[in-house]
Every structure is written in structure tokens, then in C-alpha cells.
Amino acid sequence: MINSSLRELSAALAQKKISSVELTTLFLDRIEQHNPTLNAFITVDRERALGLARAADAKLGAGETAPPLTGIPLAHKDIFCTRGLRTTCGSKMLANFISPYDAHVVERMNDAGMVLLGKCNMDEFAMGSSNETSYFGPVKNPWDTARVPGGSSGGSAAEIAARLVPAATGTDTGGSIRQPAALCGLTGLKPTYGVVSRYGMIAFASSLDQGGPMAKSAEDCALLLNAMAGFDARDSTSLDRPAEDYTRDLDKPLDGLRIGLPKEFFGAGMSEGVRAAVEGALAEYRRLGATTVEISLPNSGLSVPAYYVIAPAEASSNLARFDGVRYGHRAAEYRDLIEMYEKTRAEGFGAEVKRRILIGTYVLSHGYYDAYYLKAQQVRRLIAADFQEAFKSCDVIMGPTAPSVAFKFGEKSADPVEMYLSDIYTIAVNLAGLPGMSIPCGFEQGLPVGLQLIAPWFAEAKMLGVAHRYQQATDWHTRMPEGWQ
Ligand code: GLN
């Protein structure tokens with residue numbers, strides 16, 4: 001059961017081979033057994049989960065056709081507000097915060113009948129690439145517990161890799177779905193900006209943040225995205241488009257597919273093992289009928305610097321709401337209002353969050369705004385234009401997701417710039433608002449390597465099909481780390 005696909009679980013539930021309560025109990029027991037080692041969950045609510053499972057069993061037994069994911073367990077990244085269940089965003093600031101409402105994604109997954117097991121550990125306010133910035137301690141990578149699972153959706157990734165839950169949600173501002181998916185041997189998808197509502201998803205950098213699915217396969221991600229996507233008037237950047245079936249192209253043959261390989265993604269910088277695995281995947285795609293063409297994204301080298309101006313600028317504004325007045329942490333002692341703000345924020349935020357707020361307020365300040373923020377926005381436009389030009393000669397772009405496999409705890413945490421470079425291949429996709437995903441494509445010294453796919457705006461269904469055909473021909477995505485039986 002723990003290795004089953006969502007379709008298999010759905011069929012087993014529909015045919016009454018297993019009940020949702022039994023399935024939920026199986027995963028809850030696995031969490032109890034393995035989470036103390038992995039630290040992937042911040043909150044688990046057994047009673048609530050079993051209640052949801054009983055409701056799902058009632059729906060499944062009622063005879064009418066229940067939605068396909070009914071009764072299947074799920075976990076949400078702790079950035080999504082859940083009514084009545086603690087939402088921390090990995091921060092001391094929100095360590096005891098109970099949201100009075102559900103995020104749109106949470107509502108959608110509830111409506112789909114999925115059973116929420118708990119909330120996943122993450123880098124504080126989604127700022128990080130290793131899960132080391134979480135107030136609740138780092139998550140361990142199930143492939144090697146001395147190594148990071150990636151971030152910021154590292155809890156979601158580690159849980160799925162160790163089979164503590166069949167699927168989870170993540171968010172991706174600069175790579176936080178794709179990079180942990182790569183480092184944990186999973187499939188993760190960041191949709192086109194605006195496809196998934198940000199309502200109730202705690203804001204980091206609003207023009208970049210996008211929620212999406214993480215699971216074992218492209219087919220699972222397509223089913224999850226079907227439930228997750230959709231217009232929501234409460235998010236002003238949510239796109240009002242007709243509903244799509246993201247599974248529709250899963251079985252489409254790859255003949256004639258043109259894969260663009262950005263020369264900037266294949267230069268120095270990636271490890272030899274990552275290069276070999278990615279080259280192997282491209283050879284497999286050629287065998288499956290695709291052709292590869294070299295393309296160029298000439299401004300992609302500027303994506304990390306542009307991101308580290310734009311994302312902190314937006315974060316400094318978004319995080320101004322955590323002032324100790326309305327919700328979250330408040331300093332115990334203070335003389336006046338200003339001191340209350342100062343102490344609350346000094347105590348409630350960790351070092352990386354403070355660093356981002358300082359950078360953000362600096363680049364937005366009078367006298368520096370034109371030199372940094374405005375310039376970064378201009379670069380962002382150029383990066384988006386590069387992709388539009390590139391997609392004239394290819395249907396999908398491929399390359400590595402991350403420059404290396406999972407690194408050791410502490411290896412990059414002393415040097416913020418070194419850490420920021422973990423997202424060197426993923427960040428441009430967020431700046432351009434494009435859909436991207438990572439799929440497992442091999443190993444380097446026993447650690448998983450991710451292949452990144454990037455598609456034109458709204459081409460999620462096509463991209464999922466391209467990923468699925470590869471997963472039908474290979475078995476990297478079925479591998480499970482040892483020691484979590
Ligand atoms: N690692 C990047 C950062 O720290 C991206 C994080 C994300 O996508 N949420 O900002």
C-alpha cells in the first residue's frame with residue numbers, strides 16, 4: 001500500500017479492498033514510528049484525520065460516485081492556513097497560531113475528499129533551500145539522515161520519500177517544490193503563476209509564490225492539480241480560466257517533441273553525477289521519439305541576483321504584518337508600542353528572515369529603489385522574454401533541477417550566497433511565471449538526482465504528459481530509500 005499510486009489507492013478504496021480509516025491508520029502509525037527521526041511533521045492530528053477518514057468512508061459507501069481522491073491521506077505544508085489546526089509557517093512568530101479560516105488549497109483538497117493527516121515542516125516563512133531555517137528544527141533526508149531534504153518544502157518531500165503520506169502540498173517561490181523533490185527523489189510541480197490560489201497561503205513574495213503538488217509520480221501530480229487548481233476571487237492574481245483536466249495528455253506519445261536545452265544550464269556548476277543522470281534522461285527521451293535542440297536563455301545568469309532583490313523586497317512588506325498586535329508572538333515585556341514591535345520582531349523572527357527584511361527594506365528605500373528594485377524588475381522582464389523567444393524553437397525545456405544532490409547539514413548554512421545558488425536553475429521559472437517540475441532521473445552516490453522540465457504558460461497538461469511517458473519507460477520514481485519499511 002505505501003508504494004501505491006493515487007490511482008491504485010483510489011481503486012482500492014472504491015472496490016472496498018481497504019477503508020479510508022484503515023489507510024489513514026496505516027500512515028498515522030508510520031508517522032508515529034518514523035517522524036521522531038525525520039522531523040518532517042510539525043503537527044499531526046490523529047483524531048481529526050480519523051474523523052475525516054470516517055466521513056470519506058461514508059461518502060464512498062453511499063453509492064454515488066465520490067471524487068477520485070476521496071479517502072486518500074494528504075499533508076499540507078505548514079504555510080497553508082488550516083481552520084482549527086495550528087499553522088506555524090516554520091516560525092516562532094506563528095508557533096501557536098490557529099487560523100480562523102482555511103486556505104483555498106485546503107478547501108479544495110477537503111472538497112476532493114482527501115484526509116488531512118497534519119502539517120509539514122518547512123524553512124521559516126519558506127526562506128531557505130535546506131530546511132535548516134525552521135524554528136522547529138531541520139528535517140532529515142530519508143535517503144541519508146546526515147543530509148538536508150532541500151527546502152523550503154522539505155517536510156513535504158521527506159514524508160513522501162519515506163512513505164509517511166502518499167502526497168503533500170508545497171509552495172515554490174524560487175524552487176521550493178522542485179528542489180526538495182529533486183533532493184528526495186520525488187515528482188513536484190510548480191504551476192503557472194495564478195493557476196493555484198494564494199488565498200490563505202502565508203505570503204513570502206507575492207508575485208512569485210505558487211502552491212503545487214508533490215508526490216511520487218507525474219500522474220499523481222496531475223490528479224492532485226485537478227483538485228487544487230481553479231479560480232478564486234479572494235486572490236487578485238488568481239486567473240479565471242476554464243477548468244482543465246491535467247491528466248488529459250498523460251498518454252500522448254512523444255514523437256516530434258522538441259526539447260530545448262539551455263546552454264547556460266549545462267555549463268560548469270553542476271556536479272558530474274547530476275550531469276550524467278540528466279544526460280541519461282535526455283538519451284531516454286530521444287529513444288522515446290523526442291529531439292533535442294540547443295537554446296539560449298542569455299539573461300538567466302542574472303536570475304539569482306534579480307530574485308534576491310525582488311523576493312526580499314516583497315517579503316519585507318508582507319512580513320510587516322507580524323507586529324505582535326493582531327496575531328502571533330508578542331514580547332512579554334515592553335515599555336511602549338515601539339519597543340513592543342521591536343522586541344516582538346527581534347524575538348519572533350530567525351536570522352534568515354531578518355536578513356531578508358533588511359535587504360528588502362534597503363532595496364526599496366529612497367535613493368536605492370531605482371538602482372536595485374527597478375533594475376531587478378527590468379531584468380525580470382528580460383528573463384521572461386528569453387523564455388518566450390526560446391519556446392519558438394522548442395516545446396519544453398529541460399535541464400538539472402539542482403546543481404548537486406542533497407548536501408550535508410551545515411555545509412552551506414554558514415554562507416548565504418552558497419545556499420542561494422542551490423536554486424540557480426529554478427528561480428528564472430518563478431521570475432517568468434512559468435510552470436516547472438522536477439522528476440527523478442537517477443542517482444549520484446546513492447542520492448537522487450532531479451530532471452527539471454519547464455513549459456510555456458498554462459502547458460501543465462503537456463508537461464505532465466512529457467514527464468509521465470518517461471516514468472512509464474523508467475523506474476527511478478518508484479525507488480524508495482532503505483530503512484523506512
Ligand atoms: N530557496 C529560495 C529562497 O530561499 C526559494 C524558496 C522558495 O521557493 N520558497 O528564497
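Summary of computed values
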read-out: Selection within the range 332-358 - more than 16 Å from the ligand (Cβ to nearest atom) and not in a helix (DSSP H, G or I); value: Ala332, Glu333, Tyr334, Arg335, Asp336
read-out: Restricting the range 171-191 to residues that are away from the ligand (no atom under 12 Å from the Cβ) and part of a loop (DSSP other than H, G, I, E, B), the residue that is surrounded by the most Cβ atoms within 10 Å (Cβ to Cβ); value: Leu186
read-out: Some residue of the range 162-170 being under 17 Å from Thr401 (Cα atoms) and either crowded, with 24+ Cβ neighbours inside 10 Å or within 16 Å of the ligand (Cβ to nearest atom) (or both); value: yes
read-out: Selected residue (criterion: farthest from the ligand (Cβ to nearest atom)) from residues of the range 192-226 that are among the hydrophobic types (A, V, I, L, M, F, W, C) and assigned to a helix (DSSP H, G or I); value: Leu223
read-out: Scope the range 109-131; condition part of a loop (DSSP other than H, G, I, E, B) and under 14 Å from the mean Cα position of the chain (by Cα); matching residues; value: Asn121, Met122, Asp123, Met127, Gly128, Ser129, Ser130, Asn131
read-out: Counted residues, the range 420-435 - those being within 9 Å of the ligand (Cβ to nearest atom) and either among the hydroxyl-bearing types (Ser, Thr, Tyr) or surrounded by fewer than 21 Cβ atoms within 10 Å (Cβ to Cβ) (or both); value: 3
read-out: Any chance Val105 is in a loop (DSSP other than H, G, I, E, B), in contact with a helix residue (DSSP H, G or I) (Cβ under 9 Å, 6 or more places away or on another chain) and either within 16 Å of the ligand (Cβ to nearest atom) or modelled with pLDDT under 95 (or both); value: no
read-out: Some residue of the range 399-414 being part of a helix (DSSP H, G or I), away from the ligand (no atom under 14 Å from the Cβ), closer than 18 Å to Arg258 by Cα and touching a residue at least 24 places away in the same chain (Cβ under 8 Å); value: no
read-out: Failed condition for Val309, given (1) under 20 Å from Lys190 (Cα atoms); (2) more than 17 Å from the chain's Cα centre (by Cα); (3) within 16 Å of the ligand (Cβ to nearest atom); value: (1)
read-out: Hits in the range 132-157 - residues which are away from the ligand (no atom under 15 Å from the Cβ) and assigned to a loop (DSSP other than H, G, I, E, B); value: Tyr135, Phe136, Gly137, Lys140, Pro142, Trp143, Thr145, Ala146
read-out: Any hit, the range 323-331, residues being part of a helix (DSSP H, G or I) and free of Cβ contacts under 8 Å to residues at least 40 places away in the same chain; value: no
read-out: So Ala49, is it farther than 20 Å from Leu164 by Cβ, of a type outside the set (S, T, N, Q) and touching a residue at least 12 places away in the same chain (Cβ under 8 Å); value: no
read-out: Answer from Leu453, Leu374, Leu434 - the residue that is part of a strand (DSSP E or B) and aliphatic (A, V, I, L, M); value: Leu453
read-out: Which listed residue is at pLDDT below 95 and surrounded by fewer than 20 Cβ atoms within 10 Å (Cβ to Cβ), from Tyr327, Tyr341; value: Tyr327
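This table checks each residue for (1) among the small types (Gly, Ala, Ser); (2) in contact with a strand residue (DSSP E or B) (Cβ under 9 Å, 6 or more places away or on another chain); (3) surrounded by 22 or more Cβ atoms within 10 Å (Cβ to Cβ).
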{"residue": "Thr24", "(1), (2), (3)": "no, yes, yes"}
{"residue": "Leu28", "(1), (2), (3)": "no, yes, yes"}
{"residue": "Ile31", "(1), (2), (3)": "no, yes, yes"}
{"residue": "Glu47", "(1), (2), (3)": "no, no, no"}
{"residue": "Ala55", "(1), (2), (3)": "yes, yes, no"}
{"residue": "Ala62", "(1), (2), (3)": "yes, no, no"}
{"residue": "Leu69", "(1), (2), (3)": "no, no, yes"}
{"residue": "Leu74", "(1), (2), (3)": "no, yes, yes"}
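The values are calculated or read from the model by the stated rules, or taken from the named source; none is laboratory data. The shown structure was predicted, so the numbers you read here are calculated from the model rather than taken from an experiment. All Cβ positions, glycine included, derive from the backbone under ideal geometry; neighbour counts span all protein chains shown.
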